[in-house]
Amino acid sequence: MKELELDNQGLMSVLDKNAKKKEHLFTHSIPKYMVRCMLAGMFLTIGTAIAVMVGEKGNHIHPDLGKFLYSFMFSWSLVMIIYMDTELGTSNMMYLTVGVHRKVVKPIQAVKLLATCISCNLLGGILFSYIISQTNAFQDLSSNHYLITAVSGKLTKTTLQIISEGIFANIIVNTAVVASARMKDDAGKLFATVFIIFIFAFLGFEHVIANFSSFAMALFASGGAVPGMTMGSVLHNWIFALIGNYIGGGLIIGFVYSWLNRGETVYFD
């Protein structure tokens, strides 16, 4: 998901080029595209792992400190994803919607790209969550550990809550992606990414790809003892978070900005 530097190019030109780059990789080497998608799941797993552990330590210092520290540490997940040039389903919702609307990617190809990306994000999240659950840090977690309670809370949300939070989660994620692409130096990219992602993490919004990792990690680390976790409750969260994420990232950011720039020559992003 490496973002191209804007330099003298407009934002829409950058989005076009990224959409074309993803299609090119998918067309010429599906295995390489799939591995980049799995790596995005891996980096989200690593970011979630350190975030929940720091959050747990923070709660032992002060009950209100854990969530703050968790949100700050989780933000580094997207930093790793961007800098390590991997493919994240929620940002691809924006790129591919723009690509279809601007006729640089065919609709059927965009659907295949996005479905493959999300599926491999899920596979990477599950695989690396299992591996990390075998490390010493994740042995003998208490039933009220930050990870377990956070996941349990997500499983009790209503459909409307999940969709609404999914919308805002991916508005925020793609705002961070776009802001990072606009920055010309690494310090600016880091500052923008970390503090924008902090918003969605602190507010507890629903990001389907992040939930792939956190749910799997909680399941493996607890030995299946996560309150409220059933196949039905997990799928309920994932399906409606996915819908909300697409509305937020694909439609509100991707489609709306593509529409705003159609035919414009002066007020052009």
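The values are calculated or read from the model by the stated rules, or taken from the named source; none is laboratory data. Here the structure is a predicted model, which means the values were calculated and not measured. Cβ placement follows ideal geometry from the backbone for every residue including glycine, while neighbour counts extend to all protein chains displayed. The protein model used for the area step is the full one, side chains on, heavy atoms only, and it has no ligands, DNA or RNA in it. Shrake-Rupley method; radii C 1.70, N 1.55, O 1.52, S 1.80 Å.
Going through (1) closer than 20 Å to residue 180 by Cα; (2) outside any helix (DSSP H, G or I); (3) of a type outside the set (Phe, Trp, Tyr) one by one, residue 228 falls short only on (1). Say whether the condition of being surrounded by fewer than 20 Cβ atoms within 10 Å (Cβ to Cβ) and outside any helix (DSSP H, G or I) is met by at least one residue in region 162-178. Within region 162-178, not a single residue is surrounded by fewer than 20 Cβ atoms within 10 Å (Cβ to Cβ) and outside any helix (DSSP H, G or I). Considering (1) of a type outside the set (S, T, N, Q); (2) within 20 Å of the chain's Cα centre (by Cα); (3) more than 17 Å from residue 148 (Cα to Cα), the lone condition that residue 51 does not fulfil carries the number (3). Restricting region 72-130 to residues that are within 22 Å of residue 42 (Cβ to Cβ) and charged (D, E, K, R), which is most open to solvent (accessible area, probe 1.4 Å)? The qualifying residue most open to solvent (accessible area, probe 1.4 Å) is 85.
Considering only region 177-215, state which residues are touching a residue at least 24 places away in the same chain (Cβ under 8 Å) and farther than 18 Å from residue 70 by Cα.
Of everything in region 177-215, those that are touching a residue at least 24 places away in the same chain (Cβ under 8 Å) and farther than 18 Å from residue 70 by Cα turn out to be 177, 178, 180, 181, 182, 184, 189.
Here residue 157 meets the list (1) within 22 Å of residue 247 (Cβ to Cβ); (2) in a loop (DSSP other than H, G, I, E, B); (3) in contact with a Ser or Thr (Cβ under 8 Å, 6 or more places away or on another chain) almost entirely, failing just condition (3). When region 183-221 is filtered for residues that are open to solvent by 30 Å² or more (accessible area, probe 1.4 Å) and assigned to a helix (DSSP H, G or I), the ones remaining, listed by number, are 186, 187, 190, 191, 195, 196, 198, 199, 202, 203, 219, 220. So which residues in region 222-269 are open to solvent by 40 Å² or more (accessible area, probe 1.4 Å) and of a type in the set (Ser, Thr, Tyr)? Selection gives 230, 246, 257, 265, 267.
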